[in-house]
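Below: one structure, written as structure tokens.
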């Protein structure tokens, strides 16, 4: 029951939202309360997993691998908590105002469904259910993205929908072949069968299909071009939820597949992932430097930093994987926060083009102070959480003997610093070209940004216990016996 | 039979991808539909084919005699068909919106105006 709550709570909230009257304030409160409930259930789950180890729920008491299995190990539990935090932040920011048309056409229930899909993807122990959760999440995100009629938004939505549907088809194809080859789709069962197989040709085809499908979702080179083409068009709160969660689900799927299935299969695969990640980092960052729109700068930064996490994953050592998990957690909070910061900018200046910004430091000192932490945390300035995450990845790659990966992370980190400093100088320090702002930034939005900034500071201050947790999570992932044992029971 | 279905799936994939690479939105959507169906045929074939052997216990027996049809791929396909149908309906509406707001269904034109 505990395990299914992070999925059931948003679903129930969405149902209540659909049935209750469409008064904006009522809807916002219900959505906010639902998200708080989801976060609480996530924290409760995390505490149990932390104390008692991997938790498994066989729905309807059908034994694995025949039934639907939900599994929470430390990685999944921590990501569920992060999902809850993003959910609370995004629903909380709705108090600052949502486009009325969107709100009338199901903005709040769709957001809950999105959170449900994300939680389901993190908790499922079965690849087909992972596909279903991906679809739930995607369809919700499609509608959220397309709930508007300006031509740029419609165009971006169409690109987004097409490429994601293609990725889903590839994923499903891989599932069909995998089922044909092994006769199961339960991840623990697959891990057992996969390690005893000897048909490299079929395995390689399946592995490549998975790699392509998840790389599209995660936004890895050369498959990331849809992401910066679409993430900057929806309103800031939706962009925040997408940027914080959706690509991370792709990375999570890659982590699962690589630690459970591919740790002993096609040898070139981690090397290929490493190459793709390196290219993602460099190209994403160079593109970020060439952009003049804050939201597009953030989108490309997102792409580049996804490259960090997958590069560290591809090394498959405990240190690097631990750094990767830490970076994912830090990045979810920071990128969500920064997209909400662009929301304030849109409200004040109606643009996120750098030409239209400036003067926030003088005109909106509170806002500037709150934005300071996420901007420089993303940039990796010590002692903030971004610096600690990068440090862990660099140390992990040096320990694994992959010196060039560590070097590349440092170079890209430097470029991130350049990119974020430029944003800081142009948007906050540079004197504004216009008169004082006509509207106030809005208390709800500022409170949300403040809360997320506090979470970033908490990650920074509590880095040591968090590193202890991510190290344990990485050890759990790399020793798949524990996972298999927890799901399939004592016979294996 | 496997060979025939494999060829059918291959042809569906090929036409689906070809149509997705075309410039018109309508063709893109037909391509998506073909791709979904190609995947379904593939799952069906990869799951193993049997003729007239439902996985139902005969009167009085307690175990099934192989070969029998595996019900799992059929369940997967059923789910995939439902999801594919919903998604296809959604993308049709979206294409209609694109056509409405941009007045074109040429992908290149859509890109230029955006």
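Any read-out appearing in this document is the output of simple, stated calculations on the displayed coordinates, not a laboratory observation. Model, not experiment: these values are computed from the prediction. Note: ideal-geometry Cβ built from the backbone for every residue, glycine included; neighbour counts use all protein chains shown.
Shape analysis of the range B:23-71 yields a ratio of the Cα radius of gyration to the Kirkwood radius, Rg/Rh, of 1.31.
Over chain A, the fraction of Cα-Cα pairs per 20 Å bin, rounded to whole percents and listed from the shortest bin up, is 25, 60, 15, 0. For the peptides B:32-38, A:405-411, residues were scored by their other Cβ atoms within 10 Å and the scores averaged per peptide; the highest-first order is B:32-38, A:405-411. Other protein chain C-beta atoms within 10 Å of residue C-beta, averaged over A:173-184: 5. Using R0 = 45 Å, the C-beta based FRET efficiency linking residue A:404 and residue A:426 works out to 0.85. Seen against the Cα atoms of chain A and their longest principal axis, helix A:294-315 is set at about 20 degrees. Taking only Cα atoms, what is the 0 to 90° angle, nearest 10, from helix A:403-423's long axis to the longest principal axis of chain A? In chain A, helix A:403-423 runs at an angle near 20 degrees to the longest axis.
Over chain A, what relative contact order in percent results from Cα pairs under 8 Å that are six or more residues apart?
Relative contact order, chain A: 16 percent.
Relative to the longest principal axis of chain A, what angle (0 to 90°, nearest 10) does the C-alpha long axis of helix A:463-478 take? With rounding to tens, the tilt is 30 degrees.
By the equivalent-ellipsoid construction on the alpha carbon gyration tensor, the range A:204-282 comes out with semi-axes of 26, 13, 9 Å, ordered largest to smallest.
Per 0.36 nm of contour for each residue apart, how much would the distance between residue A:51 and residue A:198 grow if the chain were fully extended, relative to their Cα-Cα spacing? Kindly include the intermediate steps, with their values, before the conclusion.
Values: separation 147, 0.36 × 147 = 52.92 nm, distance 3.83 nm.
Contour length minus the Cα-Cα distance gives 49.1 nm.
In plain terms, if you count all Cα to Cα distances in the range A:250-379 and split them into 5 Å steps from zero, the share in each step is 2, 10, 17, 19, 16, 11, 9, 7, 5, 2, 1, 0 percent. Binning the C-alpha pair distances of the range A:267-461 at 10 Å intervals from 0 yields a P(r) profile of 10, 37, 32, 16, 6, 1, 0 %, listed from the shortest bin outward.
Answer rounded, prolate or oblate for the range A:325-375, using the Cα gyration tensor with square roots of eigenvalues a ≥ b ≥ c: rounded when a/c is under 1.5, else prolate when a/b is larger than b/c, else oblate. Prolate is the answer for the range A:325-375, as a/c is 1.5 or above and a/b outweighs b/c. Entry note, chain B: relative contact order of 26 percent, from Cα contacts under 8 Å with a spacing of 6+ residues.
Peptide packing for A:177-186, A:351-360, A:384-393 was compared via the average number of neighbouring C-beta atoms within 10 Å per residue; ordered from the highest value, the list is A:384-393, A:177-186, A:351-360. When the Cα gyration tensor is reduced to axis lengths a ≥ b ≥ c, the ratio a/c is 1.5 or higher for the range A:371-472, and with a/b not above b/c it is classed as oblate. Counting only the Cα atoms, the range A:254-322 fills a convex hull of 77 Å³ per residue. From its DSSP helices (H runs of at least four residues, each -39,500 (n - 2.57)), the protein assembly as shown gives a residue-normalised ellipticity at 222 nm of -25000 deg cm²/dmol. Remark: A:443, A:295, B:24 ranked as A:443, B:24, A:295, counting other beta-carbon atoms within 10 Å and listing the fewest first. Taking Rh as the Kirkwood radius, which is the inverse of the mean 1/r over Cα pairs, what is the Rg/Rh value for the range A:292-352? Rounded to two decimals, Rg/Rh equals 1.14.
Measuring from a point 7 Å past the Cα of residue A:25 along Cα-to-C-beta, which residues in the range A:450-492 have an amide N at less than 19 Å? Inside the label zone: nothing.
Can you tell me which of A:279-291, A:336-348, A:29-41 comes out highest on packing, and rank the rest after it, using the mean Cβ neighbours within 10 Å?
On the way: A:279-291: 20.1, A:336-348: 25.2, A:29-41: 21.6.
Highest mean packing first, the order is A:336-348, A:29-41, A:279-291.
Peptide B:89-100 has a mean of 4 when you count, residue by residue, the C-beta atoms of other protein chains within 10 Å of its C-beta. With R₀ fixed at 45 Å, the C-beta to C-beta distance from residue A:411 to residue B:81 puts the FRET efficiency at about 0.40.
By definition, a body whose alpha carbon gyration tensor gives a ≥ b ≥ c is prolate when a/c is 1.5 or more and a/b is larger than b/c, and chain B fits this prolate description.
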